[in-house]
Each structure stands twice: as structure tokens, then as C-alpha cells.
1. In the set 243, 256, 184, which member is at pLDDT 95 or above and either over 19 Å from residue 97 (Cα atoms) or not acidic (Asp, Glu) (or both)?
2. Quick one: in region 103-118, of everything that is closer than 13 Å to residue 167 by Cβ and not in a helix (DSSP H, G or I), which residue is nearest to the chain's Cα centre (by Cα)?
3. Where in region 133-242 are there strands (runs of 3 or more DSSP E), lying wholly inside it, with at least 1 residues that are touching a residue at least 60 places away in the same chain (Cβ under 8 Å)?
4. Starting from residues that are polar (S, T, N, Q) and not in a helix (DSSP H, G or I), keep the ones in region 32-73 and report whichever is modelled with the lowest pLDDT.
5. Surrounded by fewer than 20 Cβ atoms within 10 Å (Cβ to Cβ) and at pLDDT 90 or above: which single residue out of 76, 87 fits that description?
6. Name the residue that is farthest from residue 134 (Cα to Cα), counting only residues in region 75-115 that are among the charged types (D, E, K, R) and touching a strand residue (DSSP E or B) at 6+ places or on another chain (Cβ under 9 Å).
7. Can you tell me which condition residue 249 does not meet? The list is (1) at pLDDT 95 or above; (2) out of contact with any Leu (no Cβ under 9 Å at 6 or more places or on another chain); (3) of a type outside the set (D, E, K, R); (4) in a helix (DSSP H, G or I), and all the others hold.
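The values are calculated or read from the model by the stated rules, or taken from the named source; none is laboratory data. What you see is a predicted model; the values in this text were computed from it and never measured. Cβ placement follows ideal geometry from the backbone for every residue including glycine, while neighbour counts extend to all protein chains displayed.
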Amino acid sequence: MNSSAENHTLRDYVRARYGAIAEQAGADCGCGPACCAAEAPADAGCCAPSCCAGEQSYGEKLGYSAAELSAAPAGADLGLGCGNPIAIASIRPGETVLDLGSGAGFDCLLAARQLAGSGRVIGVDMTPAMITKARANVAKTEWRNVEFRLGEIEALPVADASVDLIISNCVINLSPEKERVFREAARVLKPGGRLAIADIVATRPLPAAMHRQLAAIGACIGGAALVDDLRAMLAAAGFAHVEVALRENSRALINEWVDGQEAGSYVVSAIITATKAR
């Protein structure tokens with residue numbers, strides 16, 4: 001278990017890393033111009049070289065449709081995800097949807113699109129630059145039922161039992177205190193509320209060097225939890241009907257995130273669903 005000081009160090013590193021991505025020119029880190037341009041940060045996270053080859057877009061590789069990718073303003077999709085939680089969220093009219101680690105607001109805006117003016121969407125992110133960017137992005141849309149709050153997913157600025165559905169995209173792996181994240185998720189969900197997240201999980205123990213390396217943690221690899229540990233954490237937090245569906249075809253893409261480490265042999269993208277016990 002990490003010490004409190006180590007946890008603070010990890011959070012500060014992640015906050016700085018993703019703040020820099022939010023502030024970079026163009027800020028389309030996944031497959032946008034900034035990913036392929038010389039000014040892209042050297043450690044920009046999930047910027048896969050294959051994104052720049054003019055083939056299938058990064059968003060399409062993650063499972064987003066062309067309609068979804070074109071539905072949000074330019075700059076909302078930073079290409080930092082590892083799946084499409086909206087595809088498995090089964091959003092219903094009038095629901096309150098919470099996005100853990102909402103970034104520039106892409107999945108929040110897709111959730112609002114499905115709600116079509118009903119319900120509300122709340123995005124929580126610990127990076128001020130991401131909150132600023134997300135608020136600017138939502139201001140470009142017709143949706144007025146979306147808000148973004150600055151906060152950590154281990155201590156959500158959200159009321160008890162006020163949320164119907166929690167989504168998240170490649171964020172929980174970044175937390176050094178995943179047990180707290182899931183306890184907070186259970187706290188804010190209504191009885192019977194749902195969790196639908198895309199994340200990176202480990203299918204075998206990571207090498208110690210990879211597990212400790214800040215760059216690997218920031219690239220969504222070094223902090224990945226083993227599947228069985230993830231199931232146990234969710235059960236301990238009060239979730240039932242836990243399903244972890246591995247996306248085996250994601251391993252080749254993951255290999256591109258950190259040079260020379262063949263990370264895809266240890267971790268894989270997964271779609272994780274669960275329900276809070278009533």
C-alpha cells in the first residue's frame with residue numbers, strides 16, 4: 001500500500017501531466033493535429049503513433065461511432081480514453097449521470113446528448129485546466145444540464161444517493177486509492193444505481209519497475225489493478241453484478257503508449273459494469 005506522501009506525489013504528477021495536455025495548442029492528444037505535430041508533449045499519454053497514419057481514428061478504435069465523434073465540439077475529445085462507456089451505460093431519460101475524471105467533457109456531452117435536455121450530467125476532475133476547458137466546450141453546445149466540478153474522485157463533491165449512473169473513461173487506474181474511489185461511487189449512487197466504466201486492468205502482475213514508474217502510471221498502465229483485485233474492491237464497496245469484459249484487441253494499441261515495454265502483455269482495456277446493492 002502506498003504511503004500518504006506517495007499518494008500525494010502520484011496525484012501531483014497526474015494533475016500536472018493532464019493539465020499540460022489540456023493547455024497544449026490544439027489539445028487533441030488522441031488523433032488530432034496536436035498528437036501528430038512536433039509540439040505534442042513527449043509523454044502525452046495515450047497518443048498512439050498509429051493515430052497519425054490516416055487509418056481508423058483513435059475514437060473509432062475505442063468504440064465510438066462517427067456520429068458520436070462528430071457530436072461534440074472540437075477539443076472536447078482529447079483522445080485520452082481506453083473505451084466507450086456511453087455504449088454500455090444504457091442512459092435513461094431524466095437520470096443524473098456522474099463522470100469520474102471528466103477531462104475536457106467529451107463523455108459528459110455525449111451523455112447529455114442521450115438525455116436530450118432531461119436529467120443532468122455532472123463531471124468531476126481534479127485538474128483546473130480540464131475543468132476550464134470542459135466548461136468552455138459545453139458553452140458551445142445547446143446542453144444546459146451539464147456542469148463541471150473541481151474535485152478528486154476519492155472525495156467526490158457530490159451529495160449522498162443523488163446519482164443514477166456513474167461513468168468513467170481510463171481514469172480510475174490513475175488513482176493510488178482505488179478502494180476509496182469505489183466507496184465514494186457507492187456513496188453517491190442511489191440504491192440500484194449503476195456503474196459503467198472503461199478502464200485499463202492488469203491480467204497478470206506488472207513488473208515492479210513498470211508499477212513504480214511515474215510515466216507508466218501517467219500513461220494509464222503502471223496503476224492498473226489486477227482483475228480479481230478490482231472485483232474484490234467493488235464487492236467490498238457494496239457493488240453487485242460485477243462484470244469485467246476484457247477487450248483483447250486493445251493490447252496492440254496499448255503497446256504504443258509506452259515505448260519498449262510491451263505493456264499490452266500485462267494490461268488490457270476493459271468494460272466494467274456493476275450495480276449498487278439496494
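1. 243
2. 103
3. 163-169, 189-202
4. Applying the filter and picking the extreme gives 56.
5. None of the other options fit; the residue is 87.
6. Applying the filter and picking the extreme gives 92.
7. In the conditions (1) at pLDDT 95 or above; (2) out of contact with any Leu (no Cβ under 9 Å at 6 or more places or on another chain); (3) of a type outside the set (D, E, K, R); (4) in a helix (DSSP H, G or I), residue 249 misses (1) alone.
Conditions (1) touching a Leu at 6+ places or on another chain (Cβ under 9 Å); (2) buried (at least 23 other Cβ atoms within 10 Å of the Cβ), marked per residue:
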residue: 149; (1), (2): yes, no
residue: 174; (1), (2): yes, yes
residue: 180; (1), (2): no, no
residue: 184; (1), (2): yes, no
residue: 197; (1), (2): yes, yes
